[in-house]
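Note sheet for the following structure.
The values are calculated or read from the model by the stated rules, or taken from the named source; none is laboratory data. Just so we're clear, the structure is a prediction, and the values are computed from it rather than from any experiment. As a convention, Cβ positions derive from the backbone with ideal geometry for all residues, glycine included, and neighbour counts pool all protein chains shown. The area values use the complete protein model at the heavy-atom level, side chains included, leaving out ligands, DNA and RNA. Shrake-Rupley method; radii C 1.70, N 1.55, O 1.52, S 1.80 Å.
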Amino acid sequence: MKVKLTFLLAAVVAMVAVLSACGSDGGSGGDQTFRMNLTAEPPTLDPALIQDQVSSTVMTGLFEGLTRNEKGETVAGMAEKWDISDDGKKYTFHIRKDAKWSNGDPVTAHDFEYSWKRTLDPVMSPPAPYAYQLYYIKNAEKYNTPDSGVKVEEVGVKALDDSRLEVELENPTPYFLNLTSFYTYFPVHKSVKENPKWAAEASSFVSNGPFKLESWQHNDSIDLVPSENYYLKDEIKLQKVHFVMIEDPNTEANMYETGEIDWSGLPTGNIPTEQLAKFLADKNPELSAPATASTYYYVVNNTKKPFNNVKVRKALAMSIDRKALVEKVVKGGQTPAYAYVPPGIRGTDKDFREEVDGNLFKEDAVEAKKLLAEGLAEEGMTAMPVFEVSFNEGLHKQVAEAIADMWNKNLGITVKTQTVEWKVFLQNRTSLAYDIARSGWGADYNDGMTFLDMWLTGGGNNDVGFKNAEFDKLIKEASTTSDQKTRVDAMAKAEKILIQDNMAIIPLYYYTSPHLVKPHVKGIEMDYKGDIDYTRAYMEE
Amino acid sequence: MNDNDTVLSVKELQVAFRTRSGEVQGVRNVTFDLKKGEALAIVGESGSGKSVTAQSIMRLIPSPPGMVKGGTIQFNGQNILKKSEKEMEAIRGKEMGMIFQDPMTSLNPTMTIGRQITEVLIKHQNMDKKQARLRAIEMLRLVGLPSPDQRFSQYPHEFSGGMRQRAMIAIALACDPTLLIADEPTTALDVTIQAQILELMKDLQERLGTSIILITHDLGIVADMCDRVIVMYAGKVVEEGTKDEIFKNPKHPYTRGLLRSLPRLDQPKDEPLIPIDGTPPNMANPPIGCAFCDRCDFAMKICTEVDSKMITHSETHASRCWLHHSSYREE
Amino acid sequence: MIRFLLRKTVNIVLSLFVLATATFFLMKAIPGDPFMQEKNVPDVVRQNLIKFYGFDKPMWEQYLVYLNNLIHLDLGMSMRQQYQSVSDIIARSFTYSLQLGLVAIVVSIIVGIAVGLIAALYHRKLIDKLAMLFATLGIAVPNFVLGTIIQYYFANKFRFFDVAGLNDPSDFVLPTIALSVLPIAFIARLTRSTMLEVLSADYIRTAKAKGIGSLTILIRHALRNGLLPVVSYVGPMTANIITGSVVVESIFGIAGLGKFFTMSVSNRDYTLIMGITLFYAAILMFARFLTDIAYALIDPRIKMMKKGGGGHAAG
């Protein structure tokens, strides 16, 4: 008996050894394949339905809009040139003749008209969540509203012929060209009409970008290969882009170390926090943490006592040590924020933040304490009630606890912290059922409006109940003028009202996008908003 | 006496058990013989060592914790205590068979009765399945089970208590062993069934010529079935004799006490029963002298110091008691 | 036999129905909906979406529509994964989970029984003590801790295996280990204690008295009786492995169903939540059902199938 069992054990060990020998090729460059982690399965690859960064990262390789982003500039894409009317409300795009779909069909202006109208269709199946990105177009919003009586022919986009696309806007929108490089503005092939499920499988997928979809193993991996029909195919040096979908940051870290992926971290991956801190401290050459145009802030319920009092809000804002927060808690090389529009957003000639003063308030614990007392008195309260800072799962907990601690030390108040499940958290925040909550906002396009117009009275993303007529007026001015300098001035003033005068929200820091990239990977672009463009990348031998 | 028909000869067997609280002496110096065709009863109360003796004959005592400290067991001319385990496997079920007290737990509940019989036949007599099945059914018929071919495919829980014991007998006798050891075979059965089983065993013994060792604490059974009787107390044989000798002329005080304590049908209802006072000794620390003396009406000084040898009263009758020693005779 | 099967099937269907109803209403009762994102969509768009999915209809009507679809075995389309039907998602993902799960179950049973058996046979010796120590650790150490550790050492540091995925046979080794350690520990302990009990049973003594060899006794007599509790553990074990797979699949990057189990709730992807819940419930019930059948097959004392004679007869 003993002998038999020992033999069995030995057999098992031998089998495991053999299995392990046939596994693990480790995988690495040498071939022109770029490997990256998406973390999750893209909910969709249909430009009309896209809503999240995982989908958009894959789409960057698959599609191209009228314009493209190259090294931070908006350059020609599917449209080789365009004419803009004097009032800035009419654009005529000239589609290049050699633009082709991945199946060889030419890309025409009709494709764009069809696609945008499709996205705006109120009974699209399912309706497009990001349709509002197209609302700049004349009658777009009305058409998207069912029972509004506006017919599709009235929407301001029309193909004059195969190569000319005429677009009419509601208002002169100086950043419209930048918008046309955005995912929602990508074209789709006409054949999608016949097959609504075209975007769910590689076999039926047609796209017009530098790559085409070779395979989509749902929930597991996506492979892109260069499209022979792309007009700039000579610029494309990669032979394959391989996306994996690894949920666990530790697993991602392991895969990066073994070379199974070439890129780890944002925009779609995650570096475990403690490792990130170590990499930063060691000045690991494979790590970069470029600033991205996103802001991390706390929303304060302006409709609830005592947060309705501006002095109370200012006191809270001024008694946080942002430097300590960034260095000791978040540890990603972020920048403390004393305004709302982050660096990276265009101003008139330079960066918005370079032209507009970003120090709208100062940290001052003593002054804060004074203001708090005054504010409470104005509200007829003698002491600050115990309130709650809420947030969803993640690093936010440590941030909140650090801040609660600072408030306790500097203002002598007691603050509770509470993790709330994601959707419940969103619901509470939108319905103003909270005291203070964590929030973050990233740019959709390269203009200050992407950060400021959300605070209009009654705005869908105005989660604080901010109501300011002067602010609204300035925003309207900035959205209806075409002169950039006027616009920037108006936006600067609006930001001042929001933060300096009213402290409607409490800015904390501007994001960075920490990531690790293997030294042999070259040519990857990260744009101002932290999105990755791998289309022109290559592997150095 | 070395007869050709002595089937089993146990000499000065000593078996002990190693436990946490020390060594427990289970069997202290047991000697007896068994002839061919004979039915021998080993009588005693719980803890007397009778089951251990019987199981030792088949080397069924697990060791550890049990160990044979001395003595010999000769069976059919073979030295049982020197056999290897493999050799014992060849003997068990083939030359020796055993049936146990509780047939419900002693039969495998998830195996058909038939299979439990054929298993023995296939192993020891190299029969194939078909032959074994036929023989098994024959055995079932032999032990008095009706519709034996149906019974063959049934499970123990489908049998009544008495039927199960019959099945056990069928299993034990399947290979026609020389010796059958029956360890309290009727203790767990109704009185009426008891009689039937004993009847069966007697019948089979006559027909097959099997030697039987019947272990029991019930003297009533002994009277029915056995030729000779051995009485054990505290690991030793205290008296042996023929049935007549033991019942009509018991010598050892313990035997006398046993017989006296038997309730009788012709006793008046309200007459009290006569038990033996006291309890058996602790076998972890057995007494030096006679183990029965503190319960014995006739205890003498020497009883506490030295235990007597077996004193013969006739060719077949002997007892271990100073009362009968020539120097100590009081009568 | 037919009656038994029929009864069980009806049972399962009824249970699933109750489960579907409970899940439906619980799900709708939680705050939040599939459409809320960090960046809120404007009301117009939100209304379009609500209308499209029929959420503007009264709750009972939504429930009836859902029930109707269910009866036609239509689980609907996922609300988050566009154009992917719930059945496709489940079928696809479950293929991975099933492979891993089956391997883990088989390994758990074989290794667990082997370890338990060895421990019982060498009772009180060093092997027994070591085996039980291992079993205790196996139950105590959470599988994500174990998974992370073996991944780090064997895939990263020593490069014996790939870190993630199920692309070739060697990829099964680490996740199977992480997934089966707990069931192995349970089965080992169960087997050991049952076997110890069985080995000291009277009928084992009888078998020995028949001259049957110890290996044969073990296999033919002891195992069958000793494995009954293990068989009845298969049900809970399947549950363990399914829930354990959520974490293990995440750590080893396996495209299984476990990920969707929790993610669908986070996303309030109602159709997917319902589909997965019912699917898992069906699997568990099926596992229990198999266990019942296996049990009845092994233990003839369970009156599920009436063979020939049957019953008792007078002495």
How charged is the neighbourhood of A:Ser319? Take every other residue with its Cβ under 15 Å from the Cβ of A:Ser319, and add Lys/Arg as +1 and Asp/Glu as -1.
+3
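Longest segment of chain C with no trypsin sites (Lys or Arg not before Pro) in a DSSP loop having at most 14 other Cβ atoms within 10 Å?
Numbers: sites that count: C:Arg124, C:Lys125, C:Arg301, C:Lys303, C:Lys306, C:Lys307.
Counting at most 14 other Cβ atoms within 10 Å as exposed, the longest clean stretch of chain C is C:126-300.
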Proximal lysines to A:Lys314, defined as alpha-carbon separation beneath 20 angstrom and excluding residues fewer than eight positions away on the same chain
A:Lys304, A:Lys305, A:Lys323, A:Lys362, A:Lys369, A:Lys370, A:Lys409, A:Lys416, A:Lys467, A:Lys493, A:Lys496
Kirkwood calc, chain A, C-alpha pairs only, radius in angstrom 25.5 Å
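Counting other Cβ atoms within 10 Å, keep those with at most 15, restrict to DSSP loop, and tell me which trypsin sites (Lys or Arg not before Pro) in the range B:236-331 are left. Each step should come with its number before you reach the end.
Working: sites: B:Lys236, B:Lys243, B:Lys248, B:Lys251, B:Arg256, B:Arg260, B:Arg264, B:Lys269, B:Arg295, B:Lys301, B:Lys309, B:Arg320, B:Arg329; in loops: B:Lys251, B:Arg264, B:Lys269, B:Lys309, B:Arg320, B:Arg329.
Those that pass, being in a loop and sparsely packed, are B:Arg264, B:Lys269, B:Lys309, B:Arg329.
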List the equivalent ellipsoid semi-axes of chain C in whole Å, largest first, each obtained as the square root of 5λ for an eigenvalue λ of the Cα gyration tensor.
45, 29, 13
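Summarise the accessible area of the protein assembly as shown (1.4 Å probe, protein heavy atoms) by the percent that is carbon and sulfur.
Values: 28750 of 50900 Å².
Ligands and nucleic acids excluded, carbon and sulfur give 56 percent.
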Work out the mean other chain Cβ neighbour count within 10 Å for the residues of C:266-279 and drop it here as an integer.
1
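Between chains C and B, what is the buried accessible area in Å², counting both sides, with a 1.4 Å probe and ligands, DNA and RNA left out, to the nearest 100?
Details: alone 18690 and 16540 Å², together 32530 Å².
Result for this pair: about 2700 Å² buried.
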Going down the table (A:Lys237/A:Lys283; A:Lys278/A:Lys350; B:Lys11/B:Lys130), which pairs top 32 Å between alpha carbons?
A:Lys278/A:Lys350; B:Lys11/B:Lys130
On a straight-distance basis, which aspartates and glutamates could pair with A:Lys423 in a cross-link, Cα separation under 20 angstrom, same-chain partners fewer than 8 positions away excluded?
A:Glu41, A:Asp52, A:Glu247, A:Glu388, A:Glu393, A:Asp435, A:Asp463, C:Asp33, C:Glu38, C:Asp43, C:Asp56, C:Asp269
Residue by residue through C:163-174, how many Cβ atoms from other chains fall within 10 Å of the Cβ on average?
6
Unit Cα scatterers, Debye sum, the range A:236-313: log10 I(q)/I(0) for q = 0.16 Å⁻¹
-0.75
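Please state the charge dipole magnitude for the range C:89-269, taken about the Cα centre, from unit charges on C-beta atoms (+1 on K and R, -1 on D and E), reported in debye and rounded to the nearest 20.
Values: 15 positive and 8 negative charges, 135 e Å.
Using only the charged Cβ atoms, the result is roughly 640 debye.
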Probe of 1.4 angstrom, ligands and nucleic acids ignored: what's the accessible area per residue over the range B:254-324, in square angstrom?
65 Å²
Percentage of Cα-Cα pair distances in the protein assembly as shown greater than 63 Å, rounded to whole percent?
37 percent
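Quick one: net charge of A:Thr92's neighbours, Cβ under 15 Å, K/R +1, D/E -1? Don't skip to the end; give the middle numbers.
Working: positive: A:Lys81, A:Lys89, A:Lys90, A:Arg96, A:Lys138, A:Lys158, A:Arg164; negative: A:Glu80, A:Asp83, A:Asp86, A:Asp87, A:Glu113, A:Asp161, A:Asp162, A:Glu166, A:Glu168.
With Lys, Arg at +1 and Asp, Glu at -1, the neighbours total -2.
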Percent relative contact order for chain B, counting Cα pairs under 8 Å at least six residues apart, stands at 20 percent
Chain B: spread of alpha-carbon positions along the three principal axes, whole Å, largest first, is 67, 52, 43
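With a 1.4 Å probe, what is the total accessible area buried between chains A and C, in Å² rounded to the nearest 100?
Numbers: alone 24070 and 18690 Å², together 37060 Å².
Rounded to the nearest hundred, the buried surface is 5700 Å².
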Which of the aspartates and glutamates could be linked to A:Lys138 by a straight reach, that is with a Cα gap under 12 Å, when you skip same-chain ones fewer than 8 residues away?
A:Glu153, A:Glu154, A:Glu166, A:Glu168, A:Glu170
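Could you please report the charge total around C:Gly235, scoring K, R as +1 and D, E as -1 over all other residues with beta-carbon less than 14 angstrom from its beta-carbon?
+1
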Fraction of antiparallel bridges per DSSP, the protein assembly as shown only, in percent to nearest 5:
75 percent
Return one whole number: the accessible area per residue of chain A in Å², for a 1.4 Å probe.
39 Å²
Quick check for me: using +1 on Lys/Arg Cβ and -1 on Asp/Glu Cβ, what's the dipole size of the range B:254-324 about its Cα centre, in debye to the nearest 20?
100 debye
5 Å is the cut-off here: which amide hydrogens, built 1.01 Å from N in the peptide plane, fall below it relative to A:Arg68, excluding neighbours closer than 5 in sequence?
A:Val75, A:Ala76, A:Gly77
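Under the definition of partner shielding as Cβ atoms of other protein chains within 10 Å of a residue Cβ, what is the mean value for peptide A:422-432?
Working: counts 8, 12, 5, 3, 9, 5, 2, 3, 3, 1, 0.
Across the residues of A:422-432, the mean count of other-chain Cβ atoms within 10 Å is 5.
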Any chance you could tell me what percent of the C-alpha pair distances in the range C:89-269 go past 22 Å?
52 percent
